[in-house]
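Participant: Shown below is the structure under consideration.
None of the figures in this text is laboratory data; all of them are computed from the coordinates on show. This structure is a prediction, so every number in the text was calculated from the model and none was measured. Here Cβ is always computed from backbone atoms with ideal geometry, including for glycine, and neighbour counts include all displayed protein chains.
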Amino acid sequence: MASNSRHRRVGIVSTAQTAWRSAWTEAQHIDLISSAVTRALKGSGLRIEDVDFVIDSGSDVLDGRSISNCGFLGAMGAHHKEESRVEDDGLWAALYGVTKIASGAADVGLIIAYSKPSESDVSKFYTTMADPFCQRPVGLDEVTASGLMAQQYLHKFGLREEDLAEVAASAWHKARSNTNVEFDTAPTQSDVMGSPMVASPLRQLMMARPVDGAVAIVLASEEFARRITAAPVWVTGMGTSMDGNVFAMREPGLTSCAAAANMAYQRAGIEPAKLGLAEVSATSVVAELLSLEALGLAPPGRAIDLYRGGGKGPAVNRSGGALPANPIMATGLVRLAEAAEQLWGRRPGGAPHAPNAVVHASSGIGAQSHCVFVVEV
């Protein structure tokens, strides 16, 4: 039974991911989910019976049916157990789970996020988020919104299309050491510049690649976390914020991301300059740059310096980030899993000396909503 104490420390004690592929043609949702859950529990000393609750993130629209999570309860180990669905990125599900444990309502929680965009039309998925009267009829989706954001960003700060290609190529280069991300060859800056234009000035390889897969994270109260591992990754700060739905009426610069970050930093008692790692979600190159700046990791218009060794901020997206692998609805939870694994020193090219990390997720057309975590060892 969970204790009645309030505001308890909550730690990440285990993570697991499937491979992230353009298409898992030989596996269904339940196969991917059960694989991640089994691996997350294996070696932790926990059985599914020890888990107090399960929270999962996915999309009925992408899955093509209502209440789609009901078909995956067995794979999640959620039968005869408290289970909740978060119809948003998995980092929001993790926030829900951390809050539940911190309140004293539970001790051990299993957070799951999954995605199979290969079976859907991603453009139509985003179009459903636009209002049906003004935005949807003109074809607003994530690609067109990203193109408009990129035009404004390049014009305001005097950057070039080649700068965006540099960031995309850097992301793919880093992903080569991430064994979870499957692809044939990493595109170079020249390859990015040679890919088809999709929404000027953005080219196809400047957009995040949708992938299939699943991720699971085990959260535990401090009492249980210390029994499971000698080095839990503690969640010390969280923040969320949502901008307006009407894309044209938003202030430039991802102000909702900045608000979520400030909330997380205040609760963690930390300044951005003290962060060692950053795992940031984005659906395009320009969204990644804007997110880094809104997180306070670079001055406006200068996030590009973080990729050139000239910035003084944290190591950014050592995993490759979301550009090579964007499992829609799971991207933020993957960032949290990657940050935890890096803080444990389990990733090639990781930084075991780093004491903390900022983790970011976004959702909605044009990065409407944001969730930010600060985690520490």
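Participant: Looking only at 150, 273, 94, which one moves most when the chain is put into a Gaussian network model with springs between Cα atoms under 10 Å?
Facilitator: Of 150, 273, 94, the Gaussian network model singles out 273 as fluctuating most.
Participant: Which ³J(HN,Hα) values, rounded to whole Hz and listed in residue order, are derived for segment 139-152 from phi using the Karplus coefficients 6.51, -1.76 and 1.60 in 6.51 cos²θ - 1.76 cosθ + 1.60 with θ = phi - 60°, glycine and proline given as x?
Facilitator: For segment 139-152, the Karplus-derived couplings read x, 5, 9, 5, 5, 5, 4, 5, x, 5, 4, 5, 4, 5 Hz, x marking Gly and Pro.
Participant: Further question: Can you list the HN-Hα couplings for segment 183-193, worked out from phi with the Karplus curve (6.51, -1.76, 1.60; θ = phi - 60°), rounded to whole Hz and with x for Gly and Pro?
Facilitator: In residue order, the calculated couplings are 6, 7, 9, 7, x, 8, 4, 5, 5, 4, 5 Hz.
Participant: Taking the 0 to 90 degree range and rounding to the nearest ten, how far is the long axis of helix 285-294 tilted relative to the main principal axis of the chain, both from C-alpha atoms?
Facilitator: Taking the Cα atoms of the chain, the angle to 285-294 is about 70 degrees.
Participant: FRET efficiency for residue 249 and residue 198, Cβ-Cβ distance as r, R0 = 30 Å, nearest 0.05?
Facilitator: 0.80
Participant: Relative contact order of segment 1-109, please, whole-number percent, based on alpha carbon pairs below 8 angstrom and at least 6 residues apart.
Facilitator: Computed value for segment 1-109: 41 percent relative contact order.
Participant: Under 10 Å, Cα contacts only: if you run a Gaussian network model on the chain, which one of 224, 157, 183 comes out with the highest mean-square fluctuation?
Facilitator: Sorting by GNM fluctuation, first place goes to 157.
Participant: With each run of n ≥ 4 DSSP H residues scored as -39500 (n - 2.57), what mean residue ellipticity at 222 nm is computed for the chain after dividing by its residue count and rounding to the nearest 500 deg cm²/dmol?
Facilitator: -9500 deg cm²/dmol
Participant: Translational D (Stokes-Einstein, µm²/s) of segment 241-305 at 25 °C and 0.890 mPa s when Rh comes from the Kirkwood sum over C-alpha pairs?
Facilitator: 196
Participant: Using a Cα-Cα cut-off of under 25 Å, which lysines could be cross-linked to residue 174, ignoring same-chain neighbours fewer than 8 residues away?
Facilitator: Leaving aside lysines fewer than 8 places away in the same chain, those within reach of residue 174 are 116, 274, 312.
Participant: Right, next: Taking Cα centroids, how far is segment 359-374 from segment 155-219 in Å?
Facilitator: Centre-to-centre (Cα) distance: 18 Å.
Participant: On a 0 to 90° scale, report how tilted helix 90-102 is relative to the longest principal axis of the chain, with both axes built from alpha carbons and the result rounded to the nearest 10.
Facilitator: 30
Participant: How tilted is helix 331-343 with respect to the longest principal axis of the chain? Cα atoms for both, answer in degrees (0 to 90, nearest 10).
Facilitator: For 331-343 against the chain, the angle is about 70 degrees.
Participant: If you don't mind, there's one more thing I want to ask. Any idea what the relative contact order of the chain is, in percent, if you count C-alpha pairs under 8 Å spaced at least 6 apart?
Facilitator: 25
Participant: Given H placed 1.01 Å from N in the peptide plane, which residues other than close sequence neighbours of residue 203 have an amide H under 5 Å from its amide H?
Facilitator: 198
Participant: In addition: Using each residue's phi in segment 71-81, evaluate 6.51 cos²θ - 1.76 cosθ + 1.60 at θ = phi - 60° and report the 3J(HN,Hα) Karplus result to the nearest Hz, with x for Gly and Pro.
Facilitator: Per-residue couplings from phi come out as x, 10, 4, x, 5, 7, x, 9, 5, 6, 9 Hz.
Participant: Now for a different question. Cβ neighbours within 10 Å, averaged per peptide: list 170-179, 140-149, 190-199 in order, most packed at the top.
Facilitator: The packing order, highest mean first, is 140-149, 170-179, 190-199.
Participant: Using alpha-carbon pairs under 8 Å, 6+ residues apart, how would you state the relative contact order of segment 247-377 in percent?
Facilitator: Relative contact order comes out at 31 percent.
Participant: Moving on to the next point. Give, in whole angstrom and from largest to smallest, the semi-axes √(5λ) of the equivalent ellipsoid of segment 224-265, with λ running over the eigenvalues of the Cα gyration tensor.
Facilitator: The equivalent ellipsoid of segment 224-265 has semi-axes of 35, 9, 7 Å.
Participant: Another question, if that's okay. Residue 100: which lysines have alpha carbons under 25 Å from its alpha carbon, excluding same-chain residues fewer than 8 sequence positions away?
Facilitator: 42, 81
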